[in-house]
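K.L.:
Would you mind keeping the following structure in view while I ask a few things?
The values are calculated or read from the model by the stated rules, or taken from the named source; none is laboratory data. Predicted model only: the values in this text are computed from it and were never measured. Because the Cβ atoms are built from the backbone with ideal geometry, glycine has one as well, and the counts that use them run over all protein chains shown.
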Amino acid sequence: MSRKKKRVAILGSTGTIGQNTLRVVRRFPERFQVVALTAFNNLKLLARQAAEFDPDYVAVSKDRYQSLTGKIENKKTKLLLAPDDLEHIASLKSVDIVVIGMGGSVALKPFLSAVRAGKTIAPANKEALVVAGHLIMKEAQKYQSLIVPVDSEQSAIFQALQGNDRQELKKVYLTASGGALLNVPSKIFDRLTVQDILNHPRWKMGKKITVDSATLLNKGFEVIEAMRLFQLQTDEIQVLIHPEAIIHSMVEYLDGSIIAQLGITDMRLPIQYALTYPERWETGLKACDFFKLGQLNFQKPDLKKFPCLALALDVSKNMGTYPSVMNAADEIIVDAFLKGIIPFKKIYTILSRVLRKHQCIACPDLEEVIAADRWAREETKSFIY
Ligand SMILES: NC(=O)c1ccc[n+]([C@@H]2O[C@H](COP(=O)([O-])OP(=O)(O)OC[C@H]3O[C@@H](n4cnc5c(N)ncnc54)[C@H](OP(=O)(O)O)[C@@H]3O)[C@@H](O)[C@H]2O)c1
């Protein structure tokens, strides 16, 4: 029996998530059709992807738009702008699934647009959910949009919830590999270089998320992301350091049973699950070798050594516009760190200062979320530059 192809738009196709999504899609040419690919700066790669997957639309930043015109061989492909036209792409009639593989709160508008068009959404992006997940989830219910998370921990929770009664959930264990600094003593943190921080022991990811993994702020974002996606309270989530990164998260139920999702550390696993849900297809990836692994380890997170996680947990207790401020400030701070403008230890100092100065609005609407984001960016820049 011939099946209808799933029609996919990939926002951020040149990033780590985007490239992994295309690796999944490439294995099943008879089951997926790529309708749109979007990038920002990386024209070379986007042009190669467009030549291979023949999408109807590609989008790049204003600055790169002109140079791409000559690089797209296929005349059928329409050129658009990123991020300006991403809301349009995310709501195209010809798209079934929108993969959100771009970083930052810039994904918020396309995310909402996909939700309002009733699409199936595979978000790797956590920032949109962190800053406005309360609005996204409300709209998803209204427009019957299905959200199947790609972030590996959220995918694990999503999978552990399948077939169980949400009312019987007792606790979620959100696992964290611990990032590049798990075994580095904090007394040498002020000597760390950008390269030291970018050496993640388990996952190969974009630079921003790798820095957030080193500070463990990424785990704080994920606590809030899980609260948004699964309607959890902060005290229902326990962050658990698990250096092998084999258990991607677990759900404990009232009877004490704990359901975990395990797998090798490869983002193609959760990406493919989101693309094929509710089915499971072969990935062709190597299996988890428990004999080789020998043991799995767990630790409590050290909130003194990683104060950014403590900050994020405080934010998760207060919410309102705080997540928006934390996210926007972090985007500016990490960018400054990556450019060598501030040392690693300043990430926490500046972030906590900006959060302290913020006048929080409880239950913000979209304009208030965006205003808080704008305020935080300006405020953070004034501390750095
Ligand atoms: N990487 C992972 O394994 C992983 C795991 C879980 C969750 N996530 C989340 O997934 C998201 C993406 O992470 P990543 O590691 O894949 O990032 P990445 O490698 O830096 O890729 C980001 C993508 O977004 C595009 N982009 C950048 N700025 C943009 C803008 N202003 N407007 C439109 N597009 C823009 C980039 O285009 P150019 O390449 O052309 O600049 C690229 O395609 C993040 O939210 C991250 O937290 C990632």
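K.L.:
Let me confirm something: among M137, M102, which residue is in a loop (DSSP other than H, G, I, E, B) and in contact (Cβ under 8 Å) with a residue 60 or more places away in the chain? Before the answer, list the steps.
P.N.:
Values: M137 fails: in a loop (DSSP other than H, G, I, E, B).
Answer to the selection: M102.
K.L.:
Next question, about the same structure. Out of the residues in region 1-25 meeting the condition of being under 23 Å from L86 (Cβ atoms) and more than 21 Å from the chain's Cα centre (by Cα), tell me which one is surrounded by the fewest Cβ atoms within 10 Å (Cβ to Cβ).
P.N.:
If we take residues in region 1-25 being under 23 Å from L86 (Cβ atoms) and more than 21 Å from the chain's Cα centre (by Cα), then K5 is surrounded by the fewest Cβ atoms within 10 Å (Cβ to Cβ).
K.L.:
State whether one or more residues within region 80-91 are part of a strand (DSSP E or B) and more than 19 Å from L275 (Cα to Cα).
P.N.:
yes
K.L.:
Conditions first: (1) within 15 Å of L338 (Cα to Cα); (2) assigned to a loop (DSSP other than H, G, I, E, B). I197 passes all but one, so which condition is the exception?
P.N.:
I197 satisfies all of (1) within 15 Å of L338 (Cα to Cα); (2) assigned to a loop (DSSP other than H, G, I, E, B) except (2).
K.L.:
Report, by residue number, each residue of region 316-351 that is closer than 22 Å to I237 by Cβ and either hydroxyl-bearing (S, T, Y) or buried (at least 23 other Cβ atoms within 10 Å of the Cβ) (or both).
P.N.:
To start, the set of residues in region 316-351 that are closer than 22 Å to I237 by Cβ comprises 316-327, 330, 348, 351.
Hits for region 316-351 are S316, T321, Y322, P323, S324, V325, M326, N327, D330, Y348, L351.
K.L.:
Please go through region 17-58 and pick out each residue that is in contact (Cβ under 8 Å) with a residue 40 or more places away in the chain and within 9 Å of the ligand (Cβ to nearest atom).
P.N.:
Selection gives I17, G18, N20, T38, A39, F40.
Residues checked against (1) modelled with pLDDT of 95 or more; (2) surrounded by 19 or more Cβ atoms within 10 Å (Cβ to Cβ); (3) of a type in the set (F, W, Y); (4) more than 28 Å from R31 (Cβ to Cβ):
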| position | (1), (2), (3), (4) |
| --- | --- |
| D235 | yes, no, no, yes |
| M267 | yes, yes, no, no |
| Q272 | yes, yes, no, no |
| F298 | yes, no, yes, yes |
| C308 | yes, yes, no, yes |
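K.L.:
Of everything in region 178-206, what is among the aromatic types (F, W, Y) and either surrounded by fewer than 11 Cβ atoms within 10 Å (Cβ to Cβ) or within 18 Å of H242 (Cα to Cα) (or both)? Give them in sequence order.
P.N.:
W203
K.L.:
Quick one: count up the residues across region 59-107 that are away from the ligand (no atom under 12 Å from the Cβ), within 24 Å of the chain's Cα centre (by Cα) and of a type in the set (A, V, I, L, M).
P.N.:
4
K.L.:
Further question: Among the residues of region 208-222, is there at least one that is within 17 Å of L309 (Cα to Cα), part of a helix (DSSP H, G or I), assigned by TED's automatic domain parsing to the domain that holds D302 and in contact with a strand residue (DSSP E or B) (Cβ under 7 Å, 6 or more places away or on another chain)?
P.N.:
Scanning region 208-222 turns up at least one residue that is within 17 Å of L309 (Cα to Cα), part of a helix (DSSP H, G or I), assigned by TED's automatic domain parsing to the domain that holds D302 and in contact with a strand residue (DSSP E or B) (Cβ under 7 Å, 6 or more places away or on another chain).
K.L.:
Quickly run through region 149-176 and pick out the residues that are surrounded by fewer than 22 Cβ atoms within 10 Å (Cβ to Cβ) and outside any helix (DSSP H, G or I).
P.N.:
Residues satisfying the conditions are Q162, G163, N164, D165, L169, K170, K171, Y173.
K.L.:
Something else: Filter region 105-126 for residues that are part of a helix (DSSP H, G or I) and not hydrophobic (A, V, I, L, M, F, W, C); which is surrounded by the fewest Cβ atoms within 10 Å (Cβ to Cβ)?
P.N.:
R116
K.L.:
Sticking with this structure for a sec: In region 188-231, what residues are within 14 Å of the ligand (Cβ to nearest atom) and either aromatic (F, W, Y) or without any contact (Cβ under 8 Å) to a residue 24 or more places away in the chain (or both)?
P.N.:
L198, H200, W203, F221
K.L.:
Please tell me if L80 is more than 18 Å from L22 (Cα to Cα), of a type in the set (A, V, I, L, M) and in contact with an Asp or Glu (Cβ under 7 Å, 6 or more places away or on another chain).
P.N.:
no
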